[in-house]
1. Round to a whole number: what % of the accessible area of the chain belongs to carbon and sulfur, probe 1.4 Å?
2. With a 10 Å radius around each residue's Cβ, average the other Cβ atoms per peptide and rank 60-72, 227-239, highest first.
3. Output the 0 to 90 degree angle, nearest 10, between the alpha-carbon long axis of helix 205-214 and the longest principal axis computed from the alpha carbons of the chain.
4. How much length would be gained if the chain were fully extended between D118 and A245, taking 0.36 nm per residue of separation minus their Cα-Cα distance, in nm to one decimal?
5. Checking a compactness column here: for the chain, what do you get for Rg(Cα) / (2.2 N^0.38 Å), N being the number of residues?
6. Please work out how much length the chain gains when fully extended from K31 to Y257, using 0.36 nm per residue of separation minus the C-alpha to C-alpha distance, in nm with one decimal.
7. Using Cα positions and a limit of under 18 Å, work out the lysines in reach of K59, with same-chain residues fewer than 8 apart set aside.
8. Grab the DSSP H runs of the chain that are 4 residues or longer, score each as -39,500 (n - 2.57), total them, divide by all residues and round the 222 nm result to the nearest 500 deg cm²/dmol.
Amino acid sequence: MKLIHKASEVVRQVLNFGFKLLSHAGHVNYKNQGLINLIDVGAIGELPHPWFKNARFVKNLIRFEPRESASNQPNVISLDYAVANKNETRPFYIYQGNYSHGSSLYEQNYEFVKTNFDKLKHIGPPKLAKTWFERSKLLKTLQVNCRSLDSILDTIDTKYDFLKIDAQGAEYEILVGAEKFLQEDCLGLQLEMFNLPMYKGIKLKIDLVKYLSEKGFELVKEMPPHGTFNCACDGVFLKKEFSPAQHEKMNLLRSIYEL
């Protein structure tokens, strides 16, 4: 009976632990544990990995997605702007994708893929290669309001610490429009980096790494390639030099990204 009781107690503790993890997941500033102020550009749906399971450590979140309605909730601001390098109105291309994933301020580079398809189709998941042309069908073009990140942050009192970008090729110009933020407050970034010119006129991984290195950031982690033809990967950058007052936040960022 003692063994049964002990086993039941172990099961209960495991279930309680699982419930606690579930409660924390996706819940920004859970029980006021937040420390990091996070910017999420290209914020379709829930927080991305690894922030979803670490949402309790996010004190404030500002998220951008031009296809969603703006809203203001406790600790979370959602804005319906597209983030770019300057304030203007420009086309936003909606592609078939899966739930329109892959939509961008940039046009799909059909010519590049068509010209190199015989070679590209052997790279990455075969299913994605076979369906790329179908998924990349242009459904419609929207006119969206674009803002630079610096112009938006200048209107907000909160100082943000970390920037995540998943903008289908617009990463470089978003950084150009965030030079003040990168210089003054930003401790780190997670952004998608393309190895192939899947969109017309985009900057590739080598350009992003060079630009951020010049701004004082180091590529500390590179995640496995993803997407059709393994065309992109996510990279994590951390600021090389920071103040003693920022050590706690930097240590937390290193823990979240398992560095």
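1. After summing per-atom areas, the C and S share lands at 53 percent.
2. Final packing ranking: 227-239, 60-72.
3. Compared with the principal axis, the helix lies near 70 degrees.
4. Working: separation 127, 0.36 × 127 = 45.72 nm, distance 5.32 nm.
Length gained, D118 through A245: 40.4 nm.
5. In units of the globular-protein estimate, the chain measures up at 1.12.
6. That works out to 79.2 nm of additional length.
7. Of all the lysines, those that pass the test against K59 - Cα under 18 Å, at least 8 places apart if same chain - are K31, K159, K164, K249.
8. For the chain, the value works out to -9000 deg cm²/dmol.
The values are calculated or read from the model by the stated rules, or taken from the named source; none is laboratory data. Keep in mind the model is a prediction, meaning the values are calculated, not measured. Glycine also receives a Cβ, built like all others from the backbone with ideal geometry; neighbour counts cover every protein chain displayed. The accessibility values were calculated without ligands, DNA or RNA, using every heavy atom of the protein model including side chains. Shrake-Rupley method; radii C 1.70, N 1.55, O 1.52, S 1.80 Å.
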